[in-house]
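Let me begin by presenting the structure, written as structure tokens, before commenting on it.
The values are calculated or read from the model by the stated rules, or taken from the named source; none is laboratory data. These figures come from a predicted structure and were not determined experimentally. Cβ: placed from backbone, ideal geometry, glycine included. Neighbour counts: every protein chain shown. Keep in mind that these areas ignore ligands, DNA and RNA; they rest on the heavy atoms of the full protein, side chains included. Shrake-Rupley method; radii C 1.70, N 1.55, O 1.52, S 1.80 Å.
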Amino acid sequence: MQFDNPLDWIPDLKSVIEYSPLIVTPETSLLEAIAMISQAHYPSCSIDELDITSDTDVTFSANQSPQLGVRNSCVLVKQNQDLVGILTARDVVRITAQEIDFSKAKVADFMTSPIITMPQRSIEDIFAALFLFRRYQIRHLPLVDENEELIGVISHESIRHILRPANLLRFRRVADVMTTEVIHAPLEATILQLAQLMAEYRVSCVVITQPDDDDNQRPVGIVTERDIVQFHAFQIDLATTKAQEVMSTPLFLLSPEDSLWTAHQEMKRRMVGRMVVSWNWGKELGIVTQTSLLRIFDPMEMYGVIENMQQTIQEINPVNSAAQELTKIKSKSEVKLLRDENLIGSKNIQDKILLGIRTKINYLLEHLDLSKEDLRSHLQSILTNLDSLG
């Protein structure tokens, strides 16, 4: 098998910073903030394209050029020069479920505060960002300089759009990370009811199902928290509009046996953040999300990579000669070791490499306080060894 460049999966966080995040004041009306988040969902949306009147209290980061591409689905809240809160699509779903009168609400009433930020000095370390995402269960991370001045925002979604983690994703299945606790609702459910389900179960989507001839619930559509934001912007009556009228359909269904690389590619192609998994002739459902994909960057998850890779290699049973395999191993010390032990079978060589990789991962797990440079060096060594299995 041919791997990509060993470090291709490690994204440059500088390239995923949204340097011109949407910024409001605490007194901005909730409806206005929701409209801004809604417009930011469109892939081609830029700041210059937003329909903002001259008397609005919306401001943008200075000295930054507008950007095209995926925008973060949030607005940051600043009072004077201080970053005091954030309002996300998840917050919109939460307050929708409470049946709040949006026409009288202000951002200050419902923003999340205080806000988790990341210092600029950590921008070279993707693991620092992923740790904060996981530790605080957030999906948007403002970046600040040494004076706590806002630089921009990074998010799960923006990182996923530049990932090329083929070396890791191809060895993991959708079944390894998907959740099977899928919240579903019938075609007749109202949008308000769907928002209440999302808020109650703390999920980002509801799968819409329809019974088949055997009374099994088959997935026919999906409504996400992003859709809820859009419905507010379009002034749809959430209490009367039914799921079947606005759901995304038809669904592209993944199989549990599909690789995470397939899931990643399909998400990018369809510009979505989650996909439905179906098996057992549609009787069983699962969900895989962009959060699931990023989870594999946790060193603890790398055990799964090695286990699946070893199983795959054993199933393939490659017939390359020992000499051919030896030329692919980049470490001279490993070559000498293999020769000394007379490991002439390709399977033995591959097992030896896998054992070395496992040993290195064990070392990382026992030394979690390593510096960023040491961590990167060890990870590069692991991925170089993966490449030698090509």
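Among what's in segment 158-168 and is within 13 Å of the chain's Cα centre (by Cα) and buried (at least 20 other Cβ atoms within 10 Å of the Cβ), pick the residue that is modelled with the highest pLDDT.
Residue satisfying both the conditions and the ranking: Ser158.
Where in segment 73-174 are the strands (runs of 3 or more DSSP E), entirely inside, with at least 3 residues that are within 22 Å of Cys205 (Cα to Cα) and not aromatic (Phe, Trp, Tyr)? Break it down stepwise before answering.
Values: elements: 74-79, 82-88, 140-144, 150-155.
Ranges flagged: 82-88.
Got at least one residue in segment 110-121 being among the basic types (Lys, Arg), over 25 Å from Ser29 (Cβ atoms) and open to solvent by 20 Å² or more (accessible area, probe 1.4 Å)? Steps first, answer last, please.
Let us first name the residues in segment 110-121 that are among the basic types (Lys, Arg), namely 121.
From the residues that got through so far, the ones that are over 25 Å from Ser29 (Cβ atoms) too are 121.
Now narrow it down to the ones that are open to solvent by 20 Å² or more (accessible area, probe 1.4 Å): 121.
Looking for residues that are among the basic types (Lys, Arg), over 25 Å from Ser29 (Cβ atoms) and open to solvent by 20 Å² or more (accessible area, probe 1.4 Å), one finds at least one in segment 110-121, hence yes.
Find all pairs meeting these conditions: Cβ atoms under 7 angstrom apart; at least six residues apart or on different chains; first residue within segment 4-22 and part of a loop (DSSP other than H, G, I, E, B) and acidic (Asp, Glu); second residue surrounded by fewer than 18 Cβ atoms within 10 Å (Cβ to Cβ) and at pLDDT 90 or above.
Nothing qualifies.
Please list, ordered by first then second residue, the pairs with beta carbon atoms under 8 Å, 6 or more apart or interchain, first in segment 228-252 and closer than 20 Å to Val277 by Cα, second basic (Lys, Arg) and part of a helix (DSSP H, G or I).
These pairs meet every condition: Phe252/Arg270.
(1) open to solvent by less than 30 Å² (accessible area, probe 1.4 Å); (2) farther than 21 Å from Leu22 by Cα; (3) at pLDDT 90 or above: which one isn't true of Val177, the others all being true?
(3)
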